[in-house]
Amino acid sequence: MKLAWILWLSQMLPQPAADSLCLSTTVYLEARDQSVRGQQAVAEVALRRRDSGLWGDNVCSVVTARKQFAPTLVSPQTRLSNSEAWAEAVTIALEAERNWALPAGQRKEIVPGASHFMAHAIAAPSWRNAYQVATIGDHTFLRVQKLKPRHG
């Protein structure tokens, strides 16, 4: 299936199904070749950003914010063709959403406070010298700014 079709479908689906699809797609595109822990960390960054409200009010708006995550950085014609990796990304995204729905003190956080991440092979952003929370596989997770949830 093509990314363009998935993004169109996410606009047709009701919440929370749309967010689950957008998060799954982001985990797949950003981290399908990473460990489960690395994929969980990518999902966590997207969920933390949603809670901040700085990039949008739902996961789909966060992951499709201009130049923030893979859904806006790769071609809309990109095919998500690895069905095993897709199934794993969906599972990880759904588990991440369940975990993130818990009260803040009860969540299992993989990269506490991380608001950004970068893939070493393809990125050298201006904020790369921010506080490094963790390196998992090929990604470094960073706290660029202190994100405060809108509610809470």
Legend entry - Ala104-Ala17 FRET efficiency (beta carbon distance; Förster radius 25 Å; 0.05 resolution): 0.55
Inset, instruction - Just tell me, in residue order, which DSSP H segments of the chain are both 15 angstrom or longer along the helix axis (alpha-carbon based) and at least -0.5 in mean Kyte-Doolittle hydropathy. - result: 17-31, 83-100
Legend entry - Whole-Hz couplings from phi, Karplus 6.51/-1.76/1.60, listed for the range 54-70; x for Gly and Pro: 6, 10, x, 9, 9, 4, 4, 5, 5, 7, 10, 4, 3, 6, 9, 9, 3
Inset, instruction - Please list the non-local residues whose amide H lies under 5 Å from the amide H of Ala134, H modeled 1.01 Å from N, same-chain partners needing a gap of 5 or more. - result: Phe141
Legend entry - Within a Gaussian network of the chain (alpha carbon springs, distance under 10 Å), most fluctuating of Ala41, Ala17, Ala104: Ala104
Inset, instruction - Would you look at the GNM of the chain, springs on alpha carbons closer than 10 Å, and say which of Ala93, Ala43, Ala101 moves the most? - result: Ala101
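Read-outs throughout are calculated quantities, based only on the coordinates presented, and are distinct from any laboratory measurement. From a predicted model like this one, the values you see are computed outputs, not experimental measurements. Note: ideal-geometry Cβ built from the backbone for every residue, glycine included; neighbour counts use all protein chains shown.
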